[in-house]
Amino acid sequence: MAADEVKVLGSWSSPFVLRARIALNIKCVEYEFLEETFVSKSDLLLKSNPVYKKFPVFIHGGRPICESLIIVQYVDEVWASGPAILPSDPYDRANARFWATYIDDKWHPSVRAILMADGEEAKKAAALEEANKGLALLEDTFRKCSKGQKFFGGDKIGYLDIALGGFLVWVRVIQILRNVSLIDESKTPNLLKWAQHFSDDAAVKDVLPETQRLLEFAKFYVAKVKATGNN
Amino acid sequence: MAEVKVFGAWGSPFSKRVEMGLKLKGVEYEYIEEDLKNKSTLLLKYNPVHKKIPVLVHNGKPISESLVILEYIDEAWEGPNILPKDPYERAKARFWAKFIDEKCVPPMWKACWSIGEEREKAKEEASEALKFLENEINGQKFFGGDTIGLVDIAANFIGYWFPITEEIVGLELMTQDKYPNLSKWAYEYCNCSFVKENLPPNDKLVEIFKGIIQAQPASN
């Protein structure tokens with residue numbers, strides 16, 4: 001592989017893979033997208049990510065990097081001449097990292113729990129409450145970070161937009177599939193507007209999964225996880 | 001008013017990470033010991049989301065989560081690097097620090113304080129995770145190379161807290177036979193003067209852990 005060749009191993013449906021692809025689009029970096037399936041993982045994936053055996057895997061000049069937020073930061077640092085993904089001020093960077101970690105560690109599990117609570121109303125309600133608490137915090141964070149502009153990053157997409165935005169279509173799908181309300185006019189009016197701006201952005205719109213396609217996939221995914229106990 | 005404050009707990013490895021980072025950079029700070037059973041209003045104001053220590057407050061602005069704080073310290077102050085300069089090495093450091101927090105610390109801690117099948121399961125999980133770290137350290141003095149870096153600071157639980165706890169509870173997990181590289185690293189780490197000055201006293205930790213054992217229901 002050439003020293004500057006970039007590959008992304010992943011699936012069109014994964015919010016984590018999406019983060020990596022959006023970051024590359026922001027920097028206008030060409031890359032080869034190697035589609036993985038959920039049925040069996042490729043040898044390249046298993047060799048490149050022996051620890052977690054998951055995607056996304058980002059390979060640059062033959063060297064693999066794993067974990068989506070680590071990949072996004074790597075892309076930001078290597079292609080430093082492109083539009084900045086993380087803010088420049090250290091405190092703003094710490095704030096962005098804090099909330100991105102919160103999204104992954106606290107918020108995402110509750111959203112996933114809603115998805116997996118197929119017919120289990122009590123579990124769904126509990127998970128929904130947690131997810132909405134998180135969204136209220138993120139709505140507040142958005143107000144503070146955006147300073148009246150379209151994105152968490154200000155006038156352009158940044159780290160926190162990518163962190164949350166990766167889940168956007170999944171949120172839409174879960175709202176339909178489980179008949180719940182997550183991002184809406186009454187509870188999170190700013191995030192609702194942000195969601196539209198994010199989806200329309202040039203770095204995002206061509207890689208964002210189609211809602212209908214993801215909806216069908218979600219049904220298959222839930223069934224598979226319940227059958228095998230794996231993801 | 002002190003420019004830099006740390007809200008922490010003397011026995012917490014997460015709290016000590018922050019102090020190590022500041023000391024590495026030669027930054028003076030005011031340390032505020034929190035009673036974890038009775039958290040101060042200030043702590044709850046500075047970390048309303050998680051309500052936990054450590055919290056770093058710099059010029060009145062709070063930052064939480066020890067790994068986020070360490071990156072902030074590295075960026076806000078000059079001095080020895082906590083993270084490497086090269087982007088690929090930085091990505092690797094971030095990966096292993098996260099791995100330690102997600103895959104090593106929880107099962108290692110659980111293995112110490114559980115019994116029966118739960119303990120065996122945690123032991124197995126921890127053993128598998130430590131194998132990856134064993135391969136990663138691979139003859140280097142520290143994870144950061146010749147000097148301590150982010151991963152070494154993040155691994156303070158593994159290097160210091162865990163061996164002490166392991167001995168008290170009679171768990172044989174991180175043995176020299178199974179993990180020669182990690183054991184060597186732990187020795188170098190705990191004996192390096194910088195780290196030695198920044199660890200809680202062994203006897204005080206032992207006292208706390210023995211107290212936890214006594215408070216537990218009798219094991220079968």
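The values are calculated or read from the model by the stated rules, or taken from the named source; none is laboratory data. Keep in mind that what you see is a predicted model, and the values were worked out from it rather than measured. Glycine also receives a Cβ, built like all others from the backbone with ideal geometry; neighbour counts cover every protein chain displayed. Surface areas here come from the heavy atoms of the whole protein model, side chains and all, with no ligands, DNA or RNA. Shrake-Rupley method; radii C 1.70, N 1.55, O 1.52, S 1.80 Å.
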(message) Given the options B:Lys37, B:Lys85, name the one that is among the basic types (Lys, Arg), more than 23 Å from A:Glu67 (Cα to Cα) and open to solvent by 40 Å² or more (accessible area, probe 1.4 Å).
(response) B:Lys37
(message) Go through (1) among the aliphatic types (A, V, I, L, M); (2) touching a residue at least 24 places away in the same chain (Cβ under 8 Å); (3) assigned by TED's automatic domain parsing to the domain that holds A:Phe151; (4) farther than 17 Å from A:Phe16 by Cβ for A:Leu44 and report which single condition fails.
(response) (3)
(request) Name, by its number, the condition in (1) in contact (Cβ under 8 Å) with a residue 12 or more places away in the chain; (2) surrounded by 15 or more Cβ atoms within 10 Å (Cβ to Cβ) that does not hold for A:Gln175. (result) (1)
(request) Please tell me if A:Phe98 is within 13 Å of chain B (Cβ to nearest Cβ) and open to solvent by less than 40 Å² (accessible area, probe 1.4 Å). (result) yes
(request) Go through the range A:69-95 residue by residue and tally those that are more than 8 Å from chain B (Cβ to nearest Cβ) and either in contact with a strand residue (DSSP E or B) (Cβ under 9 Å, 6 or more places away or on another chain) or among the acidic types (Asp, Glu) (or both). (result) 5
(request) Report yes if B:Glu65 is under 26 Å from A:Glu77 (Cβ atoms) and within 14 Å of chain A (Cβ to nearest Cβ), otherwise no. (result) yes
(request) Report yes if B:Asn181 is assigned by TED's automatic domain parsing to the domain that holds B:Trp109 and out of contact with any Lys or Arg (no Cβ under 9 Å at 6 or more places or on another chain), otherwise no. (result) yes
(request) Go through the range A:110-129 residue by residue and tally those that are open to solvent by 30 Å² or more (accessible area, probe 1.4 Å), closer than 18 Å to A:Lys224 by Cα and part of a helix (DSSP H, G or I). (result) 2
(message) Looking only at the range B:34-48, count every residue that is more than 21 Å from the chain's Cα centre (by Cα) and under 16 Å from A:Asn95 (Cα atoms) and tell me the total.
(response) 3
(request) Determine, yes or no, whether A:Ala227 is outside any loop (DSSP other than H, G, I, E, B) and outside the structural domain of A:Trp107 (by TED's automatic domain parsing). (result) yes
(message) Would you confirm, using the coordinates I've provided, whether B:Glu172 is modelled with pLDDT of 90 or more and either part of a helix (DSSP H, G or I) or touching an Asp or Glu at 6+ places or on another chain (Cβ under 6 Å) (or both)?
(response) no
